[in-house]
Amino acid sequence: MISNQVLQNTIDGLKAISRVELCVVDTEGREVVSTTTGLNDVSRQAREFAQSPADYQEIQGYLYFKIYDENTPEYILIACGTGEDVYMIGKMVAFQIQNLMVAYKERFDRDNFVKNLLLDNLLLVDIYSRAKKLHITPEAKRVVMIIETDNHKDFNVLESVRTHFGSNSDDFITAVDESDVIVVKEIEDNDYDREVEKAARAIITTLEKEGNANVHIAYGTAVGEIKEVSRSYKEAKMAMDVGKIFFTERDIVAYSELGIGRLIYQLPLPLCKMFIKEIFGGKSPDDFEEETLDTIMRFFENSLNVSETSRQLYIHRNTLVYRLDKLQKSTGLDLRVFEDAITFKIALMVVKYMKYMETEK
């Protein structure tokens, strides 16, 4: 439903144009918004007018107009004054507010539809029938983006994102909880990653300018039909979670880039513990010296290239070989052998995943 702030801004603007004081009350006579504090007590008159069959009425120097919501009186507009000019202004104001209510109700209905669509709360037949009723194209290429900031309960983030996208009816911006803002974006470019990355970067820039810290965005894969939007949403959620574990340096994470991290994220913790015990015995990669861990990570970054790794670490090649031999003795894994390197890399990621899950409990 339309907010009181929007109503107040509307009648303030119309009062500035018409120079007629305006007040909106509910059908019980309670004031909702007003441009004046000098209005007489009109509660009884408003209640009686709401029960009458008339659409407008002059009562004690004021003009009363009904504002309908699907043929049912929702508000009473009171224009302070009488005469043809005030009548015309009152009718125009009532018409404007009624149109605003229709627009906001449609927005609410679309927002509610998108939320249920994301959460898989709709039957297939309902998805297409409601999409048609709400004038939403069922067959269009869409991607779901999740936006997360440190300001978990700051709903200004939702409004900021809506403002950023403007009145584009092809995109839907909503929230299903207090922590995330969700964008269902319609895309045109076949290279959708580039298009979504560009949109995500623009959102981050906008939110950071408004003082939002640590903005992160994750997005799923593109889907071609509206019934598949929930899948893209689930992928985006996984990308956000996996990104927090394995891609902490990134502020934009795509589901398609998760790689093996996506598989590790779905492993049960008992299986992870068993795997680590088999690889390292009673040890953990956390027990290794910082110098050893730094050497390992740099070795992986350089695709197991001994010469390039030793150059970047400013150490002699033989020194690097010595460190790798030492690691092989303690773990039984030779990182110069591809299979052993893969095993060790996966083990490091599993440990990282286990630590994250333990802190989330």
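The values are calculated or read from the model by the stated rules, or taken from the named source; none is laboratory data. Computed from a prediction, not measured in an experiment: that's the story for all the values here. FYI the Cβ positions are ideal-geometry reconstructions off the backbone, even for glycines, and counts take in every protein chain you see. Please note that ligands, DNA and RNA were not included when accessible areas were found on the heavy atoms of the full protein model with its side chains. Shrake-Rupley method; radii C 1.70, N 1.55, O 1.52, S 1.80 Å.
Pairs of alpha-carbon atoms within less than 8 angstrom and 6+ residues apart define the contacts here; what relative contact order does region 1-91 have, in percent? Walk me through the numbers on the way to the answer.
Values: 138 pairs, mean separation 22.9, N = 91.
So the answer I get is 25 percent.
With a ≥ b ≥ c taken as the square roots of the eigenvalues of the C-alpha gyration tensor of region 187-266, please select rounded if a/c is under 1.5 and otherwise prolate if a/b is larger than b/c or oblate if it is not?
On the way: a/c = 1.90, a/b = 1.11, b/c = 1.71.
It is oblate, given that a/c is not under 1.5 and a/b is not larger than b/c.
Using Cα atoms only, what is the angle between the long axis of helix 84-118 and the major principal axis of the chain, expressed in degrees (0 to 90) to the nearest 10?
So the inclination is approximately 30 degrees.
Just for the chain, what percent of DSSP beta bridges are antiparallel, to the closest 5? Spell out each step's value before the answer.
On the way: 36 of 39 bridges.
Approximately 90 percent, going by the DSSP bridge assignments.
State which stretch of the chain is the longest one without any exposed chymotrypsin sites (Phe, Trp or Tyr not before Pro), exposure meaning a DSSP loop state and at most 13 other Cβ atoms within 10 Å. The partial results should precede the final answer.
Working: sites that count: F155, Y314.
Counting only loop sites that pass the neighbour cut-off, the longest clear stretch is 156-313.
Give the calculated FRET efficiency between L123 and S256 to the nearest 0.05, with a Förster radius of 41 Å applied to their Cβ-Cβ distance. Before the final figure, lay out each step's value.
Numbers: r = 29 Å, r/R0 = 0.71.
The computed FRET efficiency comes out at 0.90.
Between D193 and I342, what FRET efficiency comes out of the Förster formula 1/(1 + (r/R0)^6) with R0 = 35 Å and r the beta carbon distance, rounded to 0.05? Let's see the in-between values first.
Working: r = 26 Å, r/R0 = 0.75.
It comes out at approximately 0.85.
What FRET efficiency comes out for T82 versus E28 if R0 is 30 angstrom and r is the Cβ-Cβ distance? Round to the nearest 0.05.
Working: r = 25 Å, r/R0 = 0.82.
Approximately 0.75, to the nearest 0.05.
Under the definition of Cα pairs under 8 Å and six or more residues apart, what whole-number percent is the relative contact order of region 280-353?
On the way: 40 pairs, mean separation 16.4, N = 74.
In percent, rounded to a whole number, it is 22.
Probe radius 1.4 Å, ligands and nucleic acids ignored: give me the carbon and sulfur share of the accessible area of the chain as a rounded percent. It would help to have the intermediate numbers written out before the result.
On the way: 9760 of 19840 Å².
That share works out to 49 percent.
Counting heavy atoms of the protein chains only and a 1.4 Å probe, report the per residue accessible area for the chain as a whole number of Å².
Working: 19840 Å² over 361 residues.
For the chain, the per-residue accessible area is 55 Å².
Just grab the label-to-label distance for E358 and N302, each label 7 Å out from Cα along the Cβ direction, in nm (one decimal).
According to this spin-label approximation, the distance is 3.2 nm.
Going by alpha carbons, how many degrees (0 to 90, nearest 10) lie between the helix axis of 4-18 and the longest principal axis of the chain?
It is inclined by approximately 50 degrees.
Note down the relative contact order for the chain as a percent, whole number, built from C-alpha pairs under 8 angstrom at least six residues apart.
Working: 475 pairs, mean separation 38.1, N = 361.
Value for the chain: 11 percent.
Which order do T37, T72 take by accessible area at a 1.4 Å probe, largest first? Before the final figure, lay out each step's value.
Values: T37 145, T72 80 Å².
The most accessible residue leads, giving T37, T72.
Using unit Cβ charges (K, R positive; D, E negative) and no other charged atoms, how large, in debye to the nearest 20, is the dipole of the chain about its Cα centre?
860 debye
Would you list the P(r) distribution for region 205-347, with all Cα-Cα distances sorted into 5 Å bins from 0 and each bin expressed as a whole %?
2, 8, 14, 15, 15, 14, 12, 10, 6, 4, 1, 0
For the chain, what is the Kirkwood estimate of the hydrodynamic radius, computed as the reciprocal of the mean inverse distance between distinct Cα atoms, to one decimal in Å? All intermediate terms of the calculation are to be shown ahead of the outcome.
Details: mean 1/r = 0.0394 Å⁻¹.
Evaluated on the chain, it is 25.4 Å.
What does the charge count near N4 come to, summing +1 for each Lys or Arg and -1 for each Asp or Glu among other residues with Cβ under 15 Å from its Cβ?
Working: positive: R30; negative: D12, D26, E31, E74.
Value of the local net charge: -3.
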